[in-house]
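In what follows, a single structure is set out as structure tokens and then discussed.
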Amino acid sequence: MDSDNKTPLDARPAKTPDDSAAVGTRTVMNGDINGANRLFGGRLMEWIDSIAGVAARRHCGCQVTTARVDTLEFLHPALINDVVVLRARVTYVGRTSLEVRVDSYQENIATGEHTVINTAYLTEVCIDDEGRPIPVPYGLKLVTEEDRAEHDRALFRREIRRARADSGV
């Protein structure tokens, strides 16, 4: 039984991370760059939030809203005309919320090589038509060792978030 869930997770039908995964690509345009001629962090955040919402909606089959963003660290710049690839996967499902990991890459179009720009974790909440939280109708079926490892890390992040909330930080 999940401590965030009043029913056993296996009582719900489940989807795998692959079932709801989402991939998006963008070309960095003039309107996307900051004063240093790099991709504006706020624009990347917008793209991350959007693709995370797609993965969460695919998993839930309903509307979601972003409740939290963890780990937004810019590791590599993206410049004008660069192709940015975003990959989103569900890592954890609770009672009304789920965590989505989004990896962002700068793609070298000549070689196909990807360089990590950012990895972010977002908490999405399933909502009804009035914007109230509702139970996530699907659990998460962990298939691969990487799925299980990512889920274990999600549980760790969840405990850290709870500890921060309890301490008022």
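The values are calculated or read from the model by the stated rules, or taken from the named source; none is laboratory data. These numbers come from a predicted model, not from an experiment. In this analysis, Cβ positions are derived from the backbone assuming ideal geometry, glycine residues included, and neighbour counts consider all displayed protein chains. Surface accessibility is based on the protein's heavy atoms, side chains included, excluding ligands, DNA and RNA. Shrake-Rupley method; radii C 1.70, N 1.55, O 1.52, S 1.80 Å.
Summary table
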item	result
Local electrostatic count, residue 32, Cβ distance below 13 Å [Lys/Arg +1, Asp/Glu -1]	+1
Amide proton proximity set for residue 63, modelled H, under 5 Å, gap of 5+	127
Computed P(r) (all Cα pairs; segment 15-92; 5 Å bins; percent)	3, 15, 24, 22, 16, 12, 7, 2, 0
In order through segment 63-72: 3J(HN,Hα) via Karplus (6.51 cos²θ - 1.76 cosθ + 1.60), integer Hz, x for Gly, Pro	6, 9, 9, 7, 9, 7, 10, 10, 6, 10
Within the chain, longest stretch clear of exposed GluC sites (Glu not before Pro) (DSSP loop, no more than 11 other Cβ within 10 Å)	1-72
Between 0 and 90°, nearest 10: helix 145-167 axis offset from the chain longest Cα axis	80 degrees
Residue-averaged 222 nm ellipticity for the chain, from DSSP H runs of 4+ at -39500 (n - 2.57), nearest 500	-9000 deg cm²/dmol
Residues with amide H under 5 Å from that of residue 70, placed H, sequence gap 5 or more	121, 122, 123
Angle between the chain longest axis and helix 41-60 axis [Cα atoms, degrees, rounded to 10]	40 degrees
Segment 23-145 - accessible surface per residue (Å², probe 1.4 Å)	50 Å²
Carbon + sulfur, % of accessible area of segment 12-113 - ligands and nucleic acids excluded, 1.4 Å	46 percent
Amide hydrogen neighbours beyond the local backbone of residue 40, cut-off 5 Å, H modeled	33, 34
